[in-house]
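Enquirer: I have a structure I would like to understand better, so I am pasting it below and will then ask my questions one at a time.
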Amino acid sequence: MSRLAHDPEGQSYARRIWGIAIGTAVFAACVVAVAMYIGSRQLLKDGFDWSYDVVLFAMSAIVYGRSAQAERVCALLIAVVLAVAGLHTLYDLWDKIVDPRPIEPVTLGFSALSAALFGVVVVALLLRFRRSDNPLIHATWISSRNAMISTALYSSVSLFARLATSRHMEYGLDVFAAGLCFQGAYVITRDVMRDARKRRAAVVEA
């Protein structure tokens, strides 16, 4: 972590990303525990969905400050995690179509509202780093921002969509969420490749 010794901004990011990683793990564990206690399949699924975020933030916290190459690799892994999350969302959509789940208004409301509030907190903590040139920092910002957008939409209309006679709105939300995951994966990969090209060009010029 010697790169952070004289980098107050980097130290601030490192502290925040560690706090977010631990906080996300605790939040996910609480959601899973509540789901198991009340026997809610939907809430249990929502709780396990947070595992993607736990892995993402934990990787960022462990790798940040090691080396530029390690940070680029980690950013690419985040892109892979987002792509897998997008595929998982589409699979979950297919599963809901072929095997519709029972409506659970209370648990749906709790899950949507708590996820939206948590997403806002994470984005607020990372907001100051949104214009960073570091590919790993930018990757965590993009994934957090996109997660907040999707959870905010779910909290706003998901309950109504799932209580409506037609579930097309709910299915549309899932497609949108998957699209955000794929968009984030693309942007992160593009930025990592761009950073790698800049660094190679700088070495050649030197």
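The values are calculated or read from the model by the stated rules, or taken from the named source; none is laboratory data. Remember, predicted model here, so these are calculated numbers, not experimental data. Positions of Cβ are backbone-derived with ideal geometry, glycine not excepted, and every protein chain shown enters the neighbour counts.
Enquirer: Counting only residues that are at pLDDT 80 or above and in contact with an Asp or Glu (Cβ under 8 Å, 6 or more places away or on another chain), how many does region 159-187 have?
Expert: Adding up the residues that qualify gives 1.
Enquirer: Just give me the residues in region 61-72 being of a type outside the set (S, T, Y) and surrounded by 17 or more Cβ atoms within 10 Å (Cβ to Cβ), in sequence order.
Expert: Across region 61-72, the qualifying residues are A61, V63, G65, E71, R72.
Enquirer: If you don't mind, another one. Within the set of pairs 6+ apart or on separate chains, which have a first residue in region 189-203 that is over 9 Å from P135 (Cβ atoms), a second that is in a helix (DSSP H, G or I) and among the hydrophobic types (A, V, I, L, M, F, W, C), and C-beta atoms under 8 Å apart?
Expert: The qualifying pairs are T189/L76; T189/A79; R199/A68.
Enquirer: Residue under question is V120, and the condition is that it be within 13 Å of the chain's Cα centre (by Cα), part of a helix (DSSP H, G or I), of a type in the set (V, I, T) and within 18 Å of G19 (Cα to Cα); does it hold?
Expert: Considered against the rule, which asks whether it is within 13 Å of the chain's Cα centre (by Cα), part of a helix (DSSP H, G or I), of a type in the set (V, I, T) and within 18 Å of G19 (Cα to Cα), V120 comes out as yes.
Enquirer: Give just the number: which of (1) over 19 Å from W18 (Cα atoms); (2) in a helix (DSSP H, G or I); (3) free of Cβ contacts under 8 Å to residues at least 24 places away in the same chain does R131 not satisfy?
Expert: Failing condition for R131: (2).
Enquirer: G86 passes all but one of (1) more than 22 Å from A25 (Cα to Cα); (2) of a type outside the set (A, V, I, L, M, F, W, C); (3) crowded, with 19+ Cβ neighbours inside 10 Å; which number fails?
Expert: (1)
Enquirer: Check off (1) in a helix (DSSP H, G or I); (2) at pLDDT below 85 for T24 and give me the number that stays unchecked.
Expert: The failed condition is (2).
Enquirer: Considering only residues that are part of a loop (DSSP other than H, G, I, E, B) and over 12 Å from the mean Cα position of the chain (by Cα), look in region 36-72 and name the one that is nearest to F118 (Cα to Cα).
Expert: If we take residues in region 36-72 being part of a loop (DSSP other than H, G, I, E, B) and over 12 Å from the mean Cα position of the chain (by Cα), then S40 is nearest to F118 (Cα to Cα).
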